[in-house]
Each structure stands twice: as C-alpha cells, then as structure tokens.
Amino acid sequence: LQDIIQAYKSGITLQGNSTSLGRWDFSGSFFFSISTITTIGYGNLSPSTAAGRVFCIFFALFGIPLNLVLLNSIGQLMLSGVQHCAHHLEEKFHWQKKASLLIKICALLTCLLLFLLLPPVLFSAKEGWSYEEGFYYSFITLTTIGFGDYVIGMNPDRTYPGWYKNVVSLWILFGMAWLALVIKFCINLLE
Amino acid sequence: MALTSQPLQGKKRCKKIFWAVFPHACFILSLVIYAFLGALMFSHIEGNRKVNSSEGYRNFLQGLWSISKNLSDNMTENEEVFKEKIYNLLGTFEQEWFVDPKKIWNFFGSLFFCCTVFTTVGYGNTYPITRTGKYLCMLYALFGIPLMFLVLTDMGDILATVLSKCYNEFRKLQSKILASKLCSVFMCKKESETKSRRSLLMKSKVVINEPWSIVEVLKSQSAFKRKPIQYRNAEIFEMLIAKEKEYTKLSRTKSIERWSSCPELERGKTMMSVIENFDKIGKELEKLDVPILLMILVIFVYISCAAAILPKWETNLDFQEAFYFCFITLTTIGFGDTQLQHPRFFLFLSLYIIIGMEIVFIAFKLGQDRLIVFYKKVISFCGEKKIAPKKIYPK
C-alpha cells in the first residue's frame with residue numbers, strides 16, 4: 001500500500017473509469033485545448049508524450065494571442081452594447097447624464113449575476129457540488145488560476161446532458177471577457 | 001564655488017537616481033510583502049487543519065481489509081480477483097487523506113501556494129481544503145492579481161525600453177555594415193555618409209514611435225527596398241516630420257531644466273515627476289514595435305537557460321521536461337502535471353519568473369497586434385474582391 005501511495009504522490013494517476021472529459025477523445029481534447037489557450041490549465045488532462053508536449057508549446061504560443069484578441073473584441077462588443085442601450089434609454093426617457101452611470105452599474109450587476117452568481121446553481125445541479133464549491137470553482141476558473149481540484153464533467157457516476165459542455169465553454173469565454181473588462185475599468189479608475 | 005558645487009551635484013544625482021528607482025522598488029516590495037502576508041495567513045489556516053479521518057477514508061480502509069480477508073488459497077485466482085477489486089477501490093482514492101497538512105502548509109509551502117494564486121498559474125498540487133481557506137483564497141486572488149498585473153506592466157516598461165534600445169543598436173550596426181558595403185561598391189564616400197546618417201536617423205526612430213495608423217504599419221512591414229519610389233519619398237517625409245517633432249520636444253525639456261537652480265522648485269519638480277510617472281505606466285509597453293520572431297527567439301533562449309539549470313537539483317526532469325515545465329509556468333497555464341521535488345529553490349528564481357512572464361506577456365501583446373493587422377488585411381482583401389465584380393457591369 002505504501003508503494004501505491006508513493007506512486008500516487010509522485011504524480012502517476014490511475015487511467016481508470018473516466019468520463020469523456022477525462023480521456024483523449026474529441027471532447028476531452030477540445031476541453032484540454034480550451035484550458036490551454038485560455039491559460040486556465042486545469043491539469044486533469046495533460047500531454048505526457050514528448051511530441052504532445054512540443055505540439056502543446058507551439059499550440060499555446062499561437063493560441064494565447066488569438067484568445068486575447070477574441071476576449072478583447074468580445075469585451076468591446078459588450079461595452080458598445082451597454083453604451084448603445086444607455087444611449088437609447090436616455091433618448092427615450094430624456095434622462096440626464098447621471099442615468100448613464102446608473103445604467104452602467106446596472107449592467108455590471110447583471111453581468112455579475114449572470115457570470116458569477118448563477119453558474120454555481122447550474123454546477124450544484126449537474127455536478128453535485130454545494131453552492132459555495134460551485135462559486136469557488138467559477139471564481140478560480142474565470143481568473144484563469146485553474147487549480148484543477150474541481151473540474152466539471154469528471155465524475156464518472158453522473159451523466160451530463162449534451163448541451164452542458166458547450167454552455168460551460170460559452171460561459172468561460174464571456175465570463176473571462178467580462179472580467180478582463182472589469183479589471184481594465186478598475187485600473188483606469190485607480191490611475 | 002567650484003569645489004562646493006561638486007558634492008552638491010553628486011547629492012543631486014543620488015537623489016535623482018533614488019527617486020527614479022523608488023516607484024519601481026515600491027511596487028515590487030509591496031508584492032513581496034503581500035506574498036509573505038498571504039503565506040503567513042495560509043500556513044496558519046490550512047496548516048492547523050484537523051485531520052479527522054473522513055468517512056471516505058474509513059470506507060477505503062474497510063474495503064482494503066475486506067479484500068484481503070476474502071482472498072482464497074488459490075494463488076492465480078487471487079491475483080486476478082485482487083487486481084480487479086483493487087482497481088475499483090483505488091478509483092475512490094482522494095489525495096487529501098494521505099497528506100500531512102503541517103508538512104505541506106509550512107511557510108515555504110504556503111508562500112509557493114500564494115505565488116501560484118496571484119500569478120494565476122495555479123498548479124493545483126496544493127489547494128485549500130477548509131472553507132475559510134477557500135474564501136480567503138478568493139479574496140487573496142481578487143487583490144493579488146491586479147497588484148501582480150501592475151508590477152508586470154511597470155517592469156514591462158523597463159524591459160520594453162531595454163529591448164527597443166538593443167534593437168536600435170542592432171539596426172544601427174546593420175545599417176552601418178550596409179553603408180560600408182555600399183561605400184565599397186560605389187566608391188562615393190560623401191554620398192554614402194549622408195545616406196547612412198539619414199538612414200541611421202530614420203532607422204533609430206523606427207522602434208519607439210507614436211502609435212501608428214494602420215497604413216503606416218502596413219508600409220513598415222514590407223521591405224524598404226521593394227517599395228516604389230513615391231512611397232519611399234512619403235516615408236522619408238514622414239520621418240523628417242517625426243524628427244522635427246523630436247527636436248521641438250527636446251527644446252521643451254531644456255526650458256524646464258533652467259529652473260533647477262532653485263532648490264524648492266527642484267524638490268517640487270521631482271515629486272511632480274514621480275507622481276506623473278505613475279500615469280505613464282504602460283505607455284512604453286504600448287509603443288514597442290519589435291519583430292515578433294525576435295521575441296519568440298528571445299523566449300526560447302530564455303526558457304532554455306532555465307531548462308538547462310533546473311535538472312541540476314530536480315533529478316527526475318531532463319532538459320525537454322524542464323523546458324515544457326518552464327513554458328507552462330511562464331505562460332501561466334500551470335497544468336501541475338510536473339511535480340517539483342524542491343519548490344523552495346524554484347522560489348529563488350522568482351525574479352527570473354517575473355522577467356520571463358514579462359517577456360511572454362510582451363510577446364503575446366505583439367502577437368495580438370500582428371493578428372489584428374493580419375485580420376484587417378484579410379478583411380480589406382475580401383472587401384476589395386467584392387467591390388471589383390461590380391465594376392465589370394457597364395451602365
């Protein structure tokens with residue numbers, strides 16, 4: 001038993017009963033690519049062959065700027081959407097300039113709800129985590145820290161619906177764009 | 001008078017250097033203090049976790065015991081049954097049963113953990129298990145990540161200046177060699193001298209520049225010689241205008257220098273310049289325009305240096321694995337599949353890691369800009385294609 005524990009400690013994991021996100025089939029590899037180019041890097045799946053690692057390095061080298069460009073454009077899109085709405089509402093109701101600040105705060109709170117407060121509900125329903133664990137997972141994922149202690153879709157005893165992974169990928173994308181926008185605003189405020 | 005003014009000048013210079021270095025040192029120091037505070041907090045909270053044997057652990061041990069009890073006397077049958085049952089049982093294994101929190105969450109372990117949090121690397125070999133630990137981790141990340149980002153941007157300015165100066169020198173050398181070659185071929189010394197001086201002046205202004213419009217960026221990408229004459233003239237004109245701007249800027253700074261004779265004004269001026277410098281954080285970074293292949297080369301050389309020395313104390317890593325590990329760390333992906341035997345020594349390389357993240361950050365920024373330029377080219381190309389068929393149809 002001691003030998004098994006020693007082996008586990010040195011990083012050898014069991015290639016056992018795993019879900020589609022834990023094997024190197026298409027979904028698992030897709031999720032791995034996403035976790036690489038967003039620099040989250042869960043680590044539940046990682047390349048072990050030399051060729052795989054070399055490919056991973058070049059993949060990340062080109063994928064990460066691509067991801068940054070995407071996040072920036074999504075952020076700009078979201079920002080212009082909010083400004084559009086603010087403009088329309090101002091024109092309709094003839095409010096003053098202060099209303100635009102109110103609308104921006106409103107948008108911020110809605111996005112906070114959508115990206116940080118609602119997903120844990122989904123996770124607790126599908127993964128069986130508590131709300132706190134779901135919130136912790138969302139936070140660690142969106143800030144791209146990505147410990148890997150909690151990863152979606154890794155429980156072999158649960159069945160996941162088809163739309164689950166796609167919805168989570170979309171959430172990661174938009175959530176990261178929103179968070180980057182918020183951080184940019186905070187830094188602008190501090191200056 | 002001359003004798004007394006010299007030590008005064010030395011003092012002034014010391015003060016200048018101090019106030020120039022102070023803001024940068026301030027940022028780095030605040031990050032270090034933040035890391036140390038975090039390490040203390042986490043080692044206290046997670047290190048004092050009570051290792052109560054959880055239910056899962058007890059079930060695991062019970063399962064093991066029942067397997068060993070039910071082994072029959074037949075040896076070959078035993079082996080198969082044992083392997084199958086152990087396989088299923090080990091699927092329920094949880095790492096946290098067998099780790100001693102006091103050993104992992106000592107001061108250096110928690111320091112390593114804090115570094116993985118605010119650099120967003122997030123290996124996952126240590127992670128908070130208690131509830132307070134998780135909340136604290138989120139709070140810590142919320143303030144630590146912007147602080148790290150600030151330090152990175154601040155040091156990025158320094159690095160960008162160093163890089164562009166080196167690149168400048170390299171281009172000057174290149175044009176000198178080119179000019180000397182032209183000289184030997186055409187045997188006209190005066191002309192080539194003025195040419196080389198002009199090209200030197202032009203080329204030295206290439207790297208740090210005001211943000212260019214897309215047209216200028218596209219123009220600068222193609223080789224200087226391949227361009228038709230009218231574009232070259234336009235570029236020379238623009239460079240001359242830029243040179244004029246530089247001269248007017250110089251004269252402006254010269255007029256400020258005259259006030260330095262008055263000490264109170266001088267003190268106020270340094271404080272103002274220090275405060276102004278806080279606004280300029282990140283501006284140098286935006287102006288950087290070095291070829292991206294050069295940046296990628298710099299990254300590979302930088303990582304190879306670390307990958308060469310890392311296997312000296314990490315005996316189970318060879319060069320290829322150390323390279324992969326450094327790359328995954330510096331891009332902050334941080335899978336956590338490669339376990340370090342001595343995380344402590346890796347912490348000593350923290351300056352190396354910050355500079356490395358810096359370089360990778362700059363490279364990704366440049367990659368972003370290049371990608372946007374590429375996309376605009378593609379879209380404009382597609383747009384032109386769409387317009388062209390319309391012209392065929394006569395009215």
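Figures for the structure shown
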quantity: Accessible area (Å², 1.4 Å probe, nearest 10) - B:H342; calculated: 70
quantity: Positive-end residue, the stretch A:1-190 charge dipole about Cα centroid, Cβ charges, pick of A:A99, A:F185, A:S35; calculated: A:A99
quantity: Members of the stretch B:346-370 that become less accessible by 30 Å² or more once partner protein chains are added (1.4 angstrom probe, chain alone as reference); calculated: B:F364, B:Q368
quantity: Residue-normalised accessible area of the stretch A:1-190, given per residue in Å² at a 1.4 Å probe; calculated: 56
quantity: Summed buried accessible surface, chains A and B, 1.4 Å probe, nearest 100 Å²; calculated: 4200
quantity: For the stretch A:103-113, 3J(HN,Hα) per residue [Karplus equation, 6.51 cos²θ - 1.76 cosθ + 1.60, θ = phi - 60°, Hz, x = Gly/Pro]; calculated: 5, 5, 5, 4, 4, 4, 5, 5, 5, 4, 4
quantity: Student exercise, the stretch B:56-98 dipole from Lys, Arg, Asp, Glu Cβ charges, in Debye to nearest 20; calculated: 180
quantity: Karplus 3J(HN,Hα) series, Hz, for the stretch A:73-85 with 6.51 cos²θ - 1.76 cosθ + 1.60 (x for Gly, Pro); calculated: 5, 5, x, 4, 4, 4, 4, 5, x, 5, 5, 4, 4
quantity: Links that overshoot a 24 Å alpha carbon limit, given the list B:K50/B:K103; B:K15/B:K172; B:K103/B:K134; A:K184/B:K16; A:K98/A:K184; A:K104/A:K126; calculated: B:K15/B:K172; A:K184/B:K16; A:K104/A:K126
quantity: Heavy-atom accessible area order for B:L317, B:L150, B:L89, largest first, 1.4 Å probe; calculated: B:L150, B:L89, B:L317
quantity: Karplus (6.51, -1.76, 1.60) ³J(HN,Hα), θ = phi - 60°, over the stretch A:138-147, in Hz, Gly and Pro reported as x; calculated: 4, 5, 5, 6, 5, 7, 6, 5, x, 4
quantity: Along each principal axis, Cα extent of the stretch B:1-155, largest first, Å; calculated: 105, 31, 23
quantity: Proportion of all alpha-carbon pairs of chain A beyond 24 Å (%); calculated: 50
quantity: Carbon + sulfur, % of accessible area of the stretch B:56-98 - ligands and nucleic acids excluded, 1.4 Å; calculated: 52
quantity: Order of exposure, largest accessible area first, which applies to B:Y135, B:Y34 with probe 1.4 Å; calculated: B:Y135, B:Y34
quantity: Net charge of neighbours whose Cβ lies under 15 Å from the Cβ of B:G38, counting Lys and Arg as +1 and Asp and Glu as -1; calculated: 0
quantity: Three-way shape label, the stretch B:56-98, alpha-carbon gyration tensor, a/c 1.5; calculated: prolate
quantity: Neighbouring partner chain Cβ atoms per residue of B:338-345, average, 10 Å criterion; calculated: 1
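The values are calculated or read from the model by the stated rules, or taken from the named source; none is laboratory data. Only a predicted model underlies this, so the values are computations on that prediction, with no experimental measurement involved. FYI the Cβ positions are ideal-geometry reconstructions off the backbone, even for glycines, and counts take in every protein chain you see. When the accessible area is computed, the model is the full protein with side chains, heavy atoms only, and any ligands, DNA or RNA have been set aside. Shrake-Rupley method; radii C 1.70, N 1.55, O 1.52, S 1.80 Å.
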